[in-house]
1. Checking Ala97 against (1) touching a residue at least 60 places away in the same chain (Cβ under 8 Å); (2) within 25 Å of Thr167 (Cβ to Cβ), which test does it fail?
2. I'd like the full set of residues that are of a type outside the set (Gly, Ala, Ser), touching a helix residue (DSSP H, G or I) at 6+ places or on another chain (Cβ under 9 Å) and at pLDDT below 85, limited to the range 6-26.
3. I want to confirm something. Restricting to the range 128-175 and keeping residues that are under 28 Å from the mean Cα position of the chain (by Cα) and among the aromatic types (Phe, Trp, Tyr), which single residue is surrounded by the fewest Cβ atoms within 10 Å (Cβ to Cβ)?
4. Are any residues in the range 84-117 small (Gly, Ala, Ser) and open to solvent by less than 40 Å² (accessible area, probe 1.4 Å), and if so, which ones?
5. Tell me, please, whether a residue that is more than 22 Å from Glu128 (Cβ to Cβ), at pLDDT 90 or above and open to solvent by less than 70 Å² (accessible area, probe 1.4 Å) can be found in the range 63-72.
6. If I filter the range 15-24 for residues that are touching a strand residue (DSSP E or B) at 6+ places or on another chain (Cβ under 6 Å), within 26 Å of Ala125 (Cβ to Cβ) and surrounded by fewer than 21 Cβ atoms within 10 Å (Cβ to Cβ), do I get at least one hit?
7. Condition (residue is assigned to a helix (DSSP H, G or I), of a type in the set (Asp, Glu) and closer than 19 Å to His47 by Cβ) applied to the range 123-133: is it met by at least one residue?
8. What number of residues within the range 74-85 are within 12 Å of Ile102 (Cα to Cα) and touching a strand residue (DSSP E or B) at 6+ places or on another chain (Cβ under 8 Å)?
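The values are calculated or read from the model by the stated rules, or taken from the named source; none is laboratory data. Model, not experiment: these values are computed from the prediction. Positions of Cβ are backbone-derived with ideal geometry, glycine not excepted, and every protein chain shown enters the neighbour counts. For the accessible areas, the whole protein counts, side chains as well, though only heavy atoms, and no ligand, DNA or RNA atoms are used. Shrake-Rupley method; radii C 1.70, N 1.55, O 1.52, S 1.80 Å.
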Amino acid sequence: GMQEQALEALDKLHLEGSLPHGLCLFDESWHQGVIGILASRIKDRVHRPVIAFAKANDDEIKGSARSVPGLHIRDALDAVAAHHPGLLNKFGGHAMAAGLSIPEGRHEEFSQAFEAVVRELIDPADLEGVIETDGELDAADHRYELAVEIDHAVWGQGFPAPLFTATFDVLAQRV
């Protein structure tokens, strides 16, 4: 339900013009335990940094941020805090994910500040959502042992797992 509400909010933003470079979404009914998942799914869909907020208590809302390559989300939050003292109660994280809390009633002010910082820090080309692949595997490489070898390798930020492209027919599948 939260994802449907967020997508409706995105549709409204599309109707009002183009999407902002950095999205801040908030609904009082959202549960703070799953806003990270929501932010991640929306980020994957629109290929923009996303912060999803949920009410924490009467005087604070908490946010969970997810970013795209090209924007260090913790550094972006640090820039917002530096330019707008008192707007963030606390924050922390790393390049691709962060958590934060802001005072109740200041969501719109934070959204504008975050958008300004993201516009300053990100290259618009980083918002395009390009899928980079390693090309097509040779027919001889379509084997279980290679899949296991790739699965057991260590992949991460700056060293992504390989992604192969191909066109083929699935004859059968099972879980």
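1. Of everything listed in (1) touching a residue at least 60 places away in the same chain (Cβ under 8 Å); (2) within 25 Å of Thr167 (Cβ to Cβ), Ala97 misses just condition (2).
2. Once the filter is applied, which keeps residues that are of a type outside the set (Gly, Ala, Ser), touching a helix residue (DSSP H, G or I) at 6+ places or on another chain (Cβ under 9 Å) and at pLDDT below 85, the range 6-26 yields Leu7, Leu10, Leu19.
3. The selected residue is Phe159.
4. Of the residues in the range 84-117, the ones small (Gly, Ala, Ser) are 86, 92-93, 95, 97-99, 101, 105, 111, 113, 116.
The answer is Gly92, Ala95, Ala97, Ala98, Gly99, Ser101, Ser111, Ala113.
5. Start the filter on the range 63-72 by keeping residues that are more than 22 Å from Glu128 (Cβ to Cβ), which leaves 63-64.
With at pLDDT 90 or above added as a condition, the list becomes 63-64.
Filter again for open to solvent by less than 70 Å² (accessible area, probe 1.4 Å), leaving 63-64.
For the range 63-72, residues more than 22 Å from Glu128 (Cβ to Cβ), at pLDDT 90 or above and open to solvent by less than 70 Å² (accessible area, probe 1.4 Å): present.
6. no
7. Taking every residue of the range 123-133 in turn, at least one turns out to be assigned to a helix (DSSP H, G or I), of a type in the set (Asp, Glu) and closer than 19 Å to His47 by Cβ.
8. Total satisfying the criteria: 2.
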